[in-house]
């Protein structure tokens, strides 16, 4: 690919642009989206350091500072590809668009760091799209929470510094060893795993919400195809995807169980295959080397996935940790790959790449159905296998229910709570059971509120026994349609057990439940009206309540209605 023609800037113009970049870094800290103290002070602190650094450079080198505008096609194409993913993903996951201001602030930080490092090392500042793809690909896989935003900037700094200082000569060219995004992501992942601070990141959210966009597999494929056609990296993506897809099928054939709980290829791994490991500078150039590079990436996913889960760490790091290692192996893969040439092959590299893209398109057309409709997406599949005593299936069942619960599928929260409370298929854990019942209640599931009320009543799952808290939650369960909760709460309001006596309140609770079709609530309210139990006697209304209960199949209410007589 021909190098673009640069447009040089004078020293004074370059200095002005650099000053504006530093001012922008400090200025964006005052935008409303940067109000979190850690975000604001991280940006302001970076701006102060950058201003001092730039001032020293101008004072010492002055007129020797230079810059040029260079627009390279790989950079703007990758920028468009990354942006398209954010756009489509954000249509279905609100937190993505909420993260955009923080991503843009990292872009400004990256430009400032890029110019300072270039001038410190006596090079021209290359002004173009270069920093944007690094930020774009980094943020497709890992965000730190706003209250530790300085760690996000540190990860970005590690990516850029690795590009500048970790270099070697390969095939006569001085190039960076590591994929910058991959290096920063891998380093951050190692530190987070080692310190047990995954909860400081949005990593799990990213990995589990990509699939919320219904055509995300197709979208990633389309974005990746553009990169593959232009830059000849299709073999890397195709081989890595086929290795994971076919490896999962072979595992199922051998064991009768799926390796990944609900996907043939985890969608975040699929994203990494297209827009993380396809940096043409840090991957092999020869086709044989590309095949080996993609194969090793795909193979590494399997032990990383299982290994991370075995130490109690989320599996989403399985697409990140191997990237720098593979970058280091590129010279070896190139040498071995040269022996994998097809004898007598006559197509030009460009036409060969188009052939690869066509083959990958055909393979994806075959794969996309299974990718989107995996048997493991049905919780009943894993529950049935778990009931057969297959431990891995029990683990996958928990992961799937947990993912559904996080997506606000309240019934999944209840089922997971039940499993942890019963301790039959999986080890019992009352604390986790109560957590999932609470999630279910928040998502509007009556039974979740009912079970949470029992936990408050009995002081289970780490809760202190609190009849008052139980009453509040039980009332919520009743409002959501839990008949047993309505009856229990009404009984407590009548006799004052654990709560102040309030027979009229009990009557209102029962009346609401009766209107929602709860036969027992109608019958009990009829009894209260007949006997004047804390409320005035009202025999006609009592008969009406008995009649409602009778029509809903409560036989004792029929007898009570008949005993009262009347029309």
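Worth pointing out:
- Top-ranked residue in region 1-43 [being surrounded by 17 or more Cβ atoms within 10 Å (Cβ to Cβ) and over 28 Å from residue 75 (Cα atoms); ranked as farthest from the chain's Cα centre (by Cα)]: 40
- You will find that of 112, 108, 117, 100, the residue that is over 18 Å from the mean Cα position of the chain (by Cα) and within 17 Å of residue 82 (Cβ to Cβ) is 108 and no other.
- Subset tally (residues that are within 22 Å of residue 287 (Cβ to Cβ) and without any contact (Cβ under 8 Å) to a residue 12 or more places away in the chain) for region 301-324: 0
- Residue match in region 518-528 (condition: over 30 Å from residue 452 (Cβ atoms) and either touching a helix residue (DSSP H, G or I) at 6+ places or on another chain (Cβ under 9 Å) or at pLDDT below 85 (or both)): no
- Qualifying residue in region 174-185 (condition: surrounded by fewer than 16 Cβ atoms within 10 Å (Cβ to Cβ) and more than 20 Å from the chain's Cα centre (by Cα)): yes
- Residue within region 494-507 that is buried (at least 17 other Cβ atoms within 10 Å of the Cβ) and closer than 20 Å to residue 552 by Cα present: yes
- Identity of the residue in region 144-167, surrounded by fewer than 23 Cβ atoms within 10 Å (Cβ to Cβ) and in contact (Cβ under 8 Å) with a residue 60 or more places away in the chain, that ends up nearest to the chain's Cα centre (by Cα): 146
- Screening residue 465 on (1) farther than 27 Å from residue 522 by Cα; (2) out of contact with any helix residue (DSSP H, G or I) (no Cβ under 7 Å at 6 or more places or on another chain); (3) part of a loop (DSSP other than H, G, I, E, B) shows it passes everything except condition (2).
- Residues satisfying the stated conditions in region 533-562, i.e. under 22 Å from residue 488 (Cβ atoms) and either loosely packed, with under 15 Cβ neighbours inside 10 Å or modelled with pLDDT under 85 (or both): 533, 534, 535, 553, 555, 556
- Filtered residue count, region 195-223, keeping only those that are over 19 Å from residue 96 (Cβ atoms) and in contact with a helix residue (DSSP H, G or I) (Cβ under 6 Å, 6 or more places away or on another chain): 2
- Filtered residues of region 188-203 (kept if modelled with pLDDT of 95 or more, in a helix (DSSP H, G or I) and either crowded, with 19+ Cβ neighbours inside 10 Å or touching a strand residue (DSSP E or B) at 6+ places or on another chain (Cβ under 8 Å) (or both)): 188, 189, 192, 200
- Of all residues making up region 168-187, the number that are in contact (Cβ under 8 Å) with a residue 24 or more places away in the chain and either outside any strand (DSSP E or B) or at positive phi (or both): 12
- Selection status of residue 142, touching a strand residue (DSSP E or B) at 6+ places or on another chain (Cβ under 7 Å), closer than 30 Å to residue 207 by Cα and in a loop (DSSP other than H, G, I, E, B): yes
- Single residue of region 204-261 satisfying the filter (more than 24 Å from the chain's Cα centre (by Cα) and assigned to a loop (DSSP other than H, G, I, E, B)) that is surrounded by the most Cβ atoms within 10 Å (Cβ to Cβ): 233
- Taken together, the residues in region 87-106 that are crowded, with 17+ Cβ neighbours inside 10 Å, under 24 Å from residue 154 (Cα atoms) and touching a helix residue (DSSP H, G or I) at 6+ places or on another chain (Cβ under 6 Å) amount to 4.
- Filter pass, residue 416 being modelled with pLDDT of 90 or more and either part of a helix (DSSP H, G or I) or surrounded by 20 or more Cβ atoms within 10 Å (Cβ to Cβ) (or both): no
- Filter result for residue 509 (in a helix (DSSP H, G or I) and within 45 Å of the chain's Cα centre (by Cα)): yes
- Answer from 328, 292 - the residue that is more than 23 Å from residue 201 (Cβ to Cβ) and surrounded by fewer than 17 Cβ atoms within 10 Å (Cβ to Cβ): 328
- Pairs with Cβ under 6 Å, 6+ apart, first in region 217-245 and touching a residue at least 24 places away in the same chain (Cβ under 8 Å) and on the phi > 0 side of the Ramachandran plot, second surrounded by fewer than 22 Cβ atoms within 10 Å (Cβ to Cβ) and part of a helix (DSSP H, G or I): 232/353
The values are calculated or read from the model by the stated rules, or taken from the named source; none is laboratory data. Keep in mind that what you see is a predicted model, and the values were worked out from it rather than measured. In this analysis, Cβ positions are derived from the backbone assuming ideal geometry, glycine residues included, and neighbour counts consider all displayed protein chains.
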